[in-house]
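The values are calculated or read from the model by the stated rules, or taken from the named source; none is laboratory data. In this text, all values refer to a predicted model and were calculated from it rather than measured experimentally. Using ideal geometry, Cβ is built from the backbone for each residue, glycine included, and neighbour counts are taken over all protein chains shown. What goes into the accessible areas is simple: the full protein's heavy atoms, side chains included, and nothing from ligands, DNA or RNA. Shrake-Rupley method; radii C 1.70, N 1.55, O 1.52, S 1.80 Å.
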Amino acid sequence: MIIGSNFIFCENLSSTNTYSANRLRIETLPEGTIIYTNFQSAGKGQMGNQWESEDGSNLLISIVLYPRVVDPEEQFLISMALSLGICDFLKRYLPDCKIKWPNDIYVDDGKIAGILIENSIMNNKIESCIAGIGLNINQVKFLSDAPNPVSLSLLTGRTYDLGVCLNQLSEDTDRKYRQLLSGDRYTIRSEYISSLYRLNKWSDFKDINGVFSGRLISVTQTGLLQVENRKGEVVEYMFNELKFIP
Ligand code: BTN
């Protein structure tokens, strides 16, 4: 076991990612350390957004990794492996879930989890990776204007023991991370692609040229999303270059 070999709990933090980065500046934490909290006063989301999470209701964790066998150009593989681990956890309780590229976890059209990965790269090697995961478990009311949040409770009408969920999530992400380290990139990438939200479904997207009808067909090794338009052209997008229209 790598992920979940060591746990650090703090009742309140500004952000588990920020706290992990500060700890890593002064010491080396064992690989797979999970730092978790009940409440974040400044939880970080993608693109400078805040991550909303009610006190004591959800999983708020950062996993410290040293994925030195993964080249910086292939760092998206870490995101793929962890997204798949979160999906494995959710499938313990739900029939299905999808990954909205690049790494939002969706159940139907609601977002149940988000990942914020912060890598430190030195001499063309990933020195350390802080993988922050926010997974909505028991929260039933969301106050921020985040689009379509859902939680396990909202979807099933039950409440969950966060300690049990944390252990299961750690097992499920560990399995996928070890698969990645063992070199099985092909399986990670193909499972990721087949779990994509809206894969092969014609729907509306918006890019720099406006709204268009397209379908997701694949993701490259480096994490670019490939979308086919109605003219049969395939365009590759970086994160932030493409919006999914509801
Ligand atoms: C997203 O915007 O989808 C990414 C959200 C990531 C939130 C998690 S919560 C635990 C960890 N600490 C943070 O400050 N952010 C991540």
Criterion (surrounded by fewer than 18 Cβ atoms within 10 Å (Cβ to Cβ) and more than 10 Å from the ligand (Cβ to nearest atom)) met by exactly one of Ser128, Ser83, Ser79, Ser120: Ser120
Boolean, Asn240 is under 19 Å from the mean Cα position of the chain (by Cα) and either at pLDDT below 95 or open to solvent by less than 80 Å² (accessible area, probe 1.4 Å) (or both): yes
Complete set of residues in the range 195-246 that are small (Gly, Ala, Ser), more than 26 Å from Gly45 (Cβ to Cβ) and either part of a loop (DSSP other than H, G, I, E, B) or touching a residue at least 60 places away in the same chain (Cβ under 8 Å) (or both): Gly232
Subset of the range 129-180 (residues that are farther than 17 Å from Gln46 by Cα and either aromatic (Phe, Trp, Tyr) or in a strand (DSSP E or B) (or both)): Phe142, Tyr160, Tyr177
Of all residues in the range 8-57 being in contact with a helix residue (DSSP H, G or I) (Cβ under 8 Å, 6 or more places away or on another chain) and either open to solvent by 50 Å² or more (accessible area, probe 1.4 Å) or modelled with pLDDT under 95 (or both), the one that is nearest to the ligand (Cβ to nearest atom): Lys44
The lone exception for Tyr186 - which of (1) loosely packed, with under 12 Cβ neighbours inside 10 Å; (2) part of a strand (DSSP E or B) it fails: (2)
